[in-house]
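Worksheet for the structure shown next.
Values in this text are rule-based calculations from the coordinates and carry no lab data. Fair warning: this is a prediction, and the values are worked out from it, not measured in the lab. No Cβ is skipped: glycine too gets one built from the backbone with ideal geometry, and neighbour counts run over all protein chains shown.
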Amino acid sequence: TGSSRPQRMLKAVQKNATKGDPQSVISAIDYYCRHKEWAMNVGDDKGLILDSVLTEVNPSTALELGTYCGYSTVRIARLLSPGSKLITVEFNPAFAEVAHQIIAYAGLQDKVTLVEGPSGDLIPKMKEQFGIKYFDFVFLDHWKDRYVPDTKLLEDCGLLKKGTVLLADNVICPGAPEYLKYVRNSPRYESRYYKSNLEYTKVEDGLEKSVFLG
Ligand SMILES: O=C(NCCCCCn1ccnc1)c1cc(-c2ccc(F)cc2)cc(O)c1O
Ligand SMILES: [Mg+2]
């Protein structure tokens, strides 16, 4: 049988990027997805917003929900200070397999723990299994109808502290209307919308940044 879109993306990285150079991996994926084959990476436009929020937060422990092929995993991990850790959760084994290889190609495997499985089951195990007290930063980029239940789960499991930053992708396209209502109406969050565009297109999309107030 033929290759998958993630496998073709990996091939493009292996062909066009330099091993151990995260920026070249990011550029190779952006070029491929803009000129050859669209894919649901956060992309270069929203990626710049992700970079700026990350640099501002400078998290010691970060969580990503929705690894896909590891594009945003590489964007996040390349900006982490020495000793900081990123845990990334992927439900789809085929996606996780490609992501492992792209993260390793970028040379960032020591900063990243990729966990396969349903986020709803894994979040309650974070403290015991990964020795996490709380997360300083959470990037939500998985199933859009899981943003609210998983945010509530993170609260209930005591994984958020005063000042933890949640950054959610796709709040306009495909959209996460319940999530926007939840964080914008809750007294426990201070939210702000960063307008941008859907990766590699002219369609509007954006990121919602929500600071947990404790
Ligand atoms: O569905 C998305 N992501 C979740 C993928 C599966 C997550 C599996 N998982 C991981 C952990 N727990 C569960 C997504 C979709 C689009 C999109 C936009 C327009 C369009 F026409 C088609 C698609 C753009 C994105 O940026 C996205 O992120
Ligand atoms: Mg997304």
Problem set entry | Relative exposure of Phe139, Phe212, Phe95, Phe130, judged by other C-beta atoms within 10 Å (fewest first) | Phe130, Phe95, Phe212, Phe139
Exercise. Efficiency by 1/(1 + (r/R0)^6): what FRET value for Arg8 and Glu178, r their Cβ-Cβ distance, R0 = 30 Å, to the nearest 0.05?
Worked result: 0.35
Exercise. Rounded if a/c is under 1.5, else prolate if a/b beats b/c, else oblate: with a ≥ b ≥ c from the C-alpha gyration tensor eigenvalues square-rooted, which is the chain?
Worked result: prolate
Exercise. Region 107-182: which trypsin sites (Lys or Arg not before Pro) are DSSP loop and have at most 10 other beta-carbon atoms within 10 angstrom?
Worked result: none
For this session: Scan around Leu198 for amide H atoms under 5 Å from its own, H built in the peptide plane at 1.01 Å from N, and keep only partners 5 or more places away or cross-chain.
Result: Val203, Glu204, Asp205
Problem set entry | Test item: Cα-centred dipole of the chain, Lys/Arg +1 and Asp/Glu -1 on Cβ, debye | 200 debye
Exercise. What does the charge count near Pro177 come to, summing +1 for each Lys or Arg and -1 for each Asp or Glu among other residues with Cβ under 15 Å from its Cβ?
Worked result: -2
Exercise. Just for the chain, what percent of DSSP beta bridges are antiparallel, to the closest 5?
Worked result: 40 percent
Seminar exercise, completed: Taking r as the C-beta separation of Arg34 and Lys195 and R0 as 22 Å, the FRET efficiency to the nearest 0.05 is 0.65
For this session: Quick one: which residues, 5+ away or cross-chain, put their amide H under 5 Å from the amide H of Lys85? H built at 1.01 Å from N.
Result: Thr61, Ala62
Problem set entry | Neighbour net charge for Leu10 - beta-carbon separation under 14 angstrom, K R +1, D E -1 | +4
Exercise. About its Cα centre, how strong a charge dipole does region 134-214 have in debye, to the nearest 20, once Lys and Arg get +1 and Asp and Glu get -1 at the Cβ?
Worked result: 280 debye
Seminar exercise, completed: The residues Cys33, Cys69, sorted from fewest to most surrounding Cβ atoms within 10 Å, come out as Cys33, Cys69
For this session: On a C-alpha basis, how far is the centre of region 9-66 from the centre of region 156-214 in Å? Whole number, if you could?
Result: 20 Å
Problem set entry | Per-residue HN-Hα couplings for region 89-105 [Karplus 6.51, -1.76, 1.60; θ = phi - 60°; Hz; x = Gly/Pro] | 10, 10, 7, 8, x, 5, 5, 4, 5, 5, 4, 3, 6, 6, 5, 5, 4
Exercise. What is the dipole size for region 56-115, taken about its Cα centre, with +1 at each Lys and Arg Cβ and -1 at each Asp and Glu Cβ, in debye to the nearest 20?
Worked result: 140 debye
Seminar exercise, completed: Sorted by chain and number, the residues with a modelled amide H under 5 Å from that of Tyr189, at a separation of 5 or more or across chains, are Leu213
For this session: Take the alpha carbon gyration tensor of region 106-214, find the square roots of its eigenvalues, order them as a ≥ b ≥ c, and report rounded if a/c is under 1.5; if not, report prolate when a/b exceeds b/c, else oblate.
Result: oblate
Exercise. Sorted from fewest to most neighbouring beta carbons within 10 Å, what does the list Ile103, Ile172, Ile132 look like?
Worked result: Ile132, Ile172, Ile103
Seminar exercise, completed: Note, Tyr194: beta-carbon cut-off 9 Å, +1 each Lys/Arg, -1 each Asp/Glu, net +3
